[in-house]
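Throughout, read-outs are computed from the coordinates displayed, never taken from laboratory work. Quantities reported herein were computed from a predicted structural model and do not represent experimental measurements. Every residue, glycine among them, receives a Cβ derived from its backbone with ideal geometry; neighbour counts consider all protein chains shown.
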Amino acid sequence: MITKRIIPCLDVDKGRVVKGINFVDIKDAGDPVELAAFYDKEGADEIVFLDITASHERRKTVVDLASKTAEKVFIPYTIGGGISRIEHIREILRKGADKISINTAAVRDPSLINRASKIFGSQCIVVAIDAKYKNKDFWEVYLNGGRTPTGINAVDWAKRVEELGAGEILLTSMDKDGTKDGYDIDLTGAVTSVVNIPVIASGGAGKLEHLRDVIKYAGADAVLVASIFHYRQYRIREAKEYLKSEGINVRI
Amino acid sequence: MYIAVINYNMGNISSVKNAFKRIGANVRVTSNARVISNAKALVLPGVGAYKDAYKNLKKLNLIKVLKENIRKKIFLGICLGMQLLFEYSLENGKNKGLGILKGSVEKIPQFVKVPHMGWNQLKILKRNSKILSGIKEGDNFYFVHSYYIIPGSKYVVSSTTDYGIEIAASIEHDNIYGFQFHPEKSSTGGLRLLENFWNIVKEKG
């Protein structure tokens, strides 16, 4: 049976990991490749890199990251951040990334999802959705790293991206992100119940019960985690042992 | 002595190359017929559509070279590269494969999520398999595919995985090996398999 996945997320700015992470066994805690290789050894199922470099150099930093990671990391990895063109996607995948994630560009031009999935296959096209609660059963999609509201209903958008050929949805709750009080069960459940592609829940992980809850009660296929592993509150192995003891199938 | 990793523009060659390098194997990424003929072993990776894959091999004049060499050398097909060994695929109509092994490639039925993507466990059928040496029943490997093989002979299947339906995870026939999952993306377990392959190559070389 397919396992539920634990995916550490690394935010990268100009080739360096943001939010300094201090691990004794890592020579350079700011090096995204070294950190990703560390998480591979620790038992992570995949890695997500989110490039937040705010300049025209981003295109190059993203491609460099893809290629350097390929030399040292032997689990699947996704790269996202400012990707908006087919040629750029091609370049990143060629260097060794398994998936790319698109967000703002997909809303601005939904045909990008369709074109990209036709050329490269659905399995490597992840659509990231940042959503914020508005009112009863309505979560609004935000763009540009949560700065621009769109008026679009996140659940409708999730359905639409599946139809367009997305292979996976990376769903971030802006309400929960950074709070450490648990993933957004309602939002995640609303999305997993209308799509038939894997959904990665993101935002709000503070303890291991949160991982269990969003998998068990909201049907998430994978969980994105950052600070609880970056700051060594837990080890990945520990999280997996816990999920296993809760009857969830994981890779150990 | 080297392994030729065949480059036919069907995705993610660099991951396969890097993984072999990591375990200390000599690899050459190539689409040159002579480099292929002189290799001790061949690896055919591949991500993408069956029809395009065959078309690309044809365009590079590699069909004949592969058909001549696969049986003579030690061969490993990964994902699409393994599927190409069979007679045909039903991906977007009926499309011809290399026909080295009997059988076909068909769509995973829609009652499960397609593609089959993620880490799944092996059920080992060939316990004395050299390439699976060191791998335990239930170890996880990374799969990404929407089509799966229906081999003409069930005896080529060395391990399976359970995805609501039973899927052949690896095959073995004389010197021909194939993985449906991606060893180059399957962390230490995957690297172990590539190391086993390299050991087989060295032993016979």
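Quick notes
- Ordering B:VAL114, B:TYR148, B:VAL16 by Cα displacement along the dipole of segment B:1-153 toward the positive end leaves B:VAL16 in first place; charges were set at the Cβ atoms of Lys, Arg (+1) and Asp, Glu (-1).
- Among A:239-248, A:207-216, the peptide with the highest mean count of other Cβ atoms within 10 Å heads the list, and the full ranking is A:207-216, A:239-248.
- Anisotropy class of segment A:1-107 from Cα gyration tensor, a/c 1.5 cut: oblate
- Prolate/oblate/rounded label for segment A:131-217 (Cα gyration tensor, a/c 1.5): oblate
- Fraction of the pair-distance distribution of chain B above 29 Å, Cα-Cα pairs, percent: 15 percent
- Derived scalar couplings between HN and Hα for segment B:76-93 equal 10, x, 10, 6, 4, x, 6, 4, 5, 5, 8, 6, 7, 10, 9, 6, 6, x Hz in order, rounded to whole Hz, by the Karplus curve 6.51 cos²θ - 1.76 cosθ + 1.60 (θ = phi - 60°), x for Gly and Pro.
- Computed Rg/Rh of segment B:41-90, alpha carbon atoms with Kirkwood Rh: 0.93
- Nonlocal amide H pairs with A:ILE252, under 5 Å, H built at 1.01 Å: none
- Tail fraction, Cα-Cα pairs, the protein assembly as shown, threshold 31 Å, whole percent: 39 percent
- Candidate lysines - alpha carbon under 21 Å from B:LYS102, same-chain residues fewer than 8 apart omitted: B:LYS51, B:LYS55, B:LYS58, B:LYS64, B:LYS67, B:LYS72, B:LYS73, B:LYS94, B:LYS126, B:LYS154
- Here each label is just a point 7 Å from Cα along the line to Cβ, and for B:ARG71 and A:ILE248 those points are 5.1 nm apart.
- Assigned charges on the beta-carbon of Lys, Arg, Asp, Glu; segment B:75-196 dipole about Cα centre (debye): 80 debye
- Inter-chain Cβ neighbour count for B:133-140, averaged per residue, equals 1 (cutoff 10 Å, partner chain atoms only).
- Note on A:120-132: average number of Cβ atoms from other chains within 10 Å of each residue's Cβ is 2.
- Three-way shape call for segment A:5-245 based on the alpha-carbon gyration tensor, with the a/c threshold at 1.5: oblate
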